[in-house]
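Participant: Got a structure for you, questions after.
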Amino acid sequence: MMISDNINNNRISYPMATTDTFLLLHQPPSSPSSMAKRPCPSQNPPTTHNHLNHIDNLLHSFLSLSDSPSLSLHLSLHNLIDSFPSDSDQTAVIDRALKMGSMLLEAAKHSSRKRASNHNSLTWPLPPDLTIKVFSMLDTQSLCYASATCSLFNKCAKDSLCYSNLDLTTLVPKVNNSVVSTMIHRAGKALRSLKLGVIPGAATLLGSCPPLAHNISNAIVEASKFSWNDKRSRQGRDSPILTRSCLSPLSMDGGAPGALLRKLYLYNIERMDNASLSGALSACPSLLDLEIVGLHVELRLTLMSVSAHCHLIERLFFESSKTGRDDSLKTQTCLELVDNCPHLTSLSLRGFKLHDYKVRVLVKGLQKLKYVDFSTSYSITGSFLRNLGDCNGGNSLEVLILRDCMHLKEVEIGKLLTAILAGDFKLLAHLDISNREGLASEGDWYHRCYKSSIMPLKQIFETRPDICLVADYPSEGSYIDSFDTDCISEQSLPSQLSFRTSDGSIFLSTSESSYNTDQGSGNEDGQDASHVIYEESSDEIDFLPL
């Protein structure tokens, strides 16, 4: 039997095998209003074997229409709708057609995913244990992508070994406390490495010294489409801002997640404080590598926490969020770090007010120290290097970076190079004494040296060709010309001056009166207590995660 439609005298025919399918839509209810209502589950007739067979036959007939011209289906549905006299019944038929189409589409998608998953299970060449091993080598974002591929990958990606090395760093705020907690919970006691926060796009190379701490002034506008006030009001589940409690999951389950953690990197987490950081470090007794950048935490308290809880640490990288303002380090703290962390081989303290006496305690006391970076550190004159190369502490140094230290003196660098020529610092392979403002002269650090006649650079290159010596200085006058020293006496200098560097950026400096204890190498803690405390300037903004 054939059903025919006549359009513009052109006859279109298709099989009558779809008669039962046609009845799926052509079932008018007793009243128009009841068609639009969905029956209650209790009103559904019990499903029987015959009923299921009937539905299978109807669906088979319905799917056979896929080979028919689409115009035929359109005409059939149009004729069916027109066969109902009332408008409400016609609307109900259309709604039922849309509902059936949606249900069929979802069922087809589910079947497709199931078949693909079964196909992957049969064709994937690796057993589950090797798949988990491969997944454990992926970065965290790639692991999440793989997990969403199919049920096989999703099951393998749930293994705790896949989350042993968590990298949750981003260029803009995307990760909140809830995400961190979920990931750490998945890792459990398998957690070995955790990187968290917002990092700059460009990597810091050996010998270079760009600040890793972010300034929120313009990047936050580019990174997000809402203001900081909006962010403050979105501290719920959807907020991308990390808070001081973001590391608290390390202490859950009796401290299992942090117990075997080896590496912890924290970048520009604006809301982190000393108490929260100390609590996190107390849960990480096996920590070997700690990197802290852009956190509003104090140097002294942080080193005290490291000394108290991280006795196995080998690498410590700490960059101040407020360059030159943290003068909290005490000699006793240095001694405790030397005694409690004897395995330190790499020490980087960048952007702090470090005095030569305390730095000498660290470098000389840490017998295994090979890598030292005090870049952008205020108050260091270089006198801590005297007679250091012939002792156990300094003679093991392989890398020494003193880049852009404001008070680094030309005469001290000359003595260092002379000591190298005499045979000290035998293992030193990389030395960076560059300064974008030139070196300070012996008597007055305002007088900058750009071309030194007392530093035997040529002899160093000839005698120690194995050393990579970086000594980049600006053209003469880039520092002094930015202000008129004839008009500013020592007594009238303000406590804070901004000088323009040779690369055009603004460099924050302080008056000589603020550094009256810097001219010697043996500054005691009693003198440190007299340091000047600066207020925030109006054009500076706290470092926030971007």
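The values are calculated or read from the model by the stated rules, or taken from the named source; none is laboratory data. From a predicted model like this one, the values you see are computed outputs, not experimental measurements. No Cβ is skipped: glycine too gets one built from the backbone with ideal geometry, and neighbour counts run over all protein chains shown. The area values use the complete protein model at the heavy-atom level, side chains included, leaving out ligands, DNA and RNA. Shrake-Rupley method; radii C 1.70, N 1.55, O 1.52, S 1.80 Å.
Participant: Please tell me if Pro456 is within 29 Å of Glu314 (Cβ to Cβ) and in the same structural domain as Pro285 (by the TED database). Spell out how you get there, then give the answer.
Facilitator: Values: within 29 Å of Glu314 (Cβ to Cβ): no; in the same structural domain as Pro285 (by the TED database): yes.
When the stated conditions are applied, Pro456 does not pass them.
Participant: Can you tell me how many residues within region 264-278 are surrounded by fewer than 18 Cβ atoms within 10 Å (Cβ to Cβ) and under 25 Å from Ser160 (Cβ atoms)?
Facilitator: 0
Participant: From (1) assigned to a loop (DSSP other than H, G, I, E, B); (2) open to solvent by less than 10 Å² (accessible area, probe 1.4 Å); (3) farther than 29 Å from Glu314 by Cβ, pick out the condition that doesn't hold for Pro474.
Facilitator: Unmet for Pro474, out of (1) assigned to a loop (DSSP other than H, G, I, E, B); (2) open to solvent by less than 10 Å² (accessible area, probe 1.4 Å); (3) farther than 29 Å from Glu314 by Cβ: (2).
Participant: Can you tell me which residue among Leu316, Leu335, Leu303 is within 21 Å of Pro200 (Cβ to Cβ) and not in a loop (DSSP other than H, G, I, E, B)?
Facilitator: Working: Leu335 fails: within 21 Å of Pro200 (Cβ to Cβ); Leu303 fails: within 21 Å of Pro200 (Cβ to Cβ).
Going through Leu316, Leu335, Leu303 in turn, the sole match is Leu316.
Let's see how each residue does on (1) of a type outside the set (Ser, Thr, Tyr); (2) closer than 20 Å to Leu290 by Cα:
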| site | (1), (2) |
| --- | --- |
| Arg350 | yes, yes |
| Tyr371 | no, yes |
| Ser375 | no, yes |
| Val399 | yes, yes |
| Lys415 | yes, no |
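Participant: Please determine, by comparing only the residues of region 294-327 that are among the polar types (S, T, N, Q) and more than 24 Å from Gly255 (Cβ to Cβ), which one is most open to solvent (accessible area, probe 1.4 Å). Walk me through it before giving the result.
Facilitator: Applying the first criterion (among the polar types (S, T, N, Q)) to region 294-327 yields 302, 305, 307, 320-321, 323.
Add one more test, that the residue is more than 24 Å from Gly255 (Cβ to Cβ), and what stays is 320-321, 323.
Numbers: Ser320: 11, Ser321: 8, Thr323: 63 Å².
Among residues in region 294-327 that are among the polar types (S, T, N, Q) and more than 24 Å from Gly255 (Cβ to Cβ), the one most open to solvent (accessible area, probe 1.4 Å) is Thr323.
Participant: Moving on. I need every pair where a residue in region 305-322 that is farther than 19 Å from Val372 by Cα has its Cβ under 9 Å from the Cβ of a residue that is at pLDDT 95 or above and acidic (Asp, Glu), sequence separation at least 6 or different chains.
Facilitator: Cβ pairs passing all conditions: Ala308/Glu336.
Participant: Among (1) at pLDDT below 50; (2) assigned to a helix (DSSP H, G or I); (3) touching a helix residue (DSSP H, G or I) at 6+ places or on another chain (Cβ under 8 Å), where does Phe62 come up short?
Facilitator: (1)
Participant: Please state which one of Leu400, Leu369, Leu388, Leu428 is open to solvent by less than 20 Å² (accessible area, probe 1.4 Å), within 23 Å of Phe317 (Cβ to Cβ) and not in a loop (DSSP other than H, G, I, E, B). Spell out how you get there, then give the answer.
Facilitator: Working: Leu369 fails: not in a loop (DSSP other than H, G, I, E, B); Leu388 fails: not in a loop (DSSP other than H, G, I, E, B); Leu428 fails: not in a loop (DSSP other than H, G, I, E, B).
None of the other options fit; the residue is Leu400.
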